[in-house]
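Engineer: Here it is: the structure, laid out below.
The values are calculated or read from the model by the stated rules, or taken from the named source; none is laboratory data. Note that the structure is a prediction, hence the values are computed from the model and not measured. Neighbour counts are summed over all protein chains in view; Cβ atoms, including those assigned to glycine, are modelled from backbone coordinates with ideal geometry.
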Amino acid sequence: MVRFTEAMLDVTEVQEELQQTLAGIENPEEASQVQQQANLEMEEILDEYDLTAQRYSEVVTVLDMDPEMNAEFQQVLDEILEERQEELGPMGPN
């Protein structure tokens, strides 16, 4: 569950950056290129965590359907976010 949660955090970061970038793009071709690049980044993240896109989607579905698994995920998520915040220190990223 820890690896999945870390992967999900990293994928979410790419997705958020993508949305911000796409908001400023009017050219459909450029938007498509940005989307393709983000997809590659997300695939690389999943590879780093030994996950396939299919397995990642399956876990997301299970989390949506299984309250116990979702509670476990939330606990792991809280712990990881706390650890990451401690690593950044009180001032946050520089």
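Engineer: Among the helices (runs of 4 or more DSSP H) contained in the chain, which hold 1 or more residues that are among the hydroxyl-bearing types (Ser, Thr, Tyr) and either at pLDDT below 95 or in contact with a Phe, Trp or Tyr (Cβ under 7 Å, 6 or more places away or on another chain) (or both)?
Structural biologist: Answer list for the chain: 2-23.
Engineer: Next up: Just to verify a result, which residue in the range 1-34, among those that are of a type in the set (S, T, N, Q) and under 12 Å from the mean Cα position of the chain (by Cα), is surrounded by the fewest Cβ atoms within 10 Å (Cβ to Cβ)?
Structural biologist: That would be Thr12.
Engineer: Restricting the first residue to the range 22-46 and requiring it to be at positive phi, which pairs with a second residue that is surrounded by 10 or more Cβ atoms within 10 Å (Cβ to Cβ) and of a type in the set (Ser, Thr, Tyr) meet a Cβ separation below 9 Å and a spacing of at least six or different chains?
Structural biologist: Once the first residue is at positive phi and sits in the range 22-46, no partner that is surrounded by 10 or more Cβ atoms within 10 Å (Cβ to Cβ) and of a type in the set (Ser, Thr, Tyr) comes close enough.
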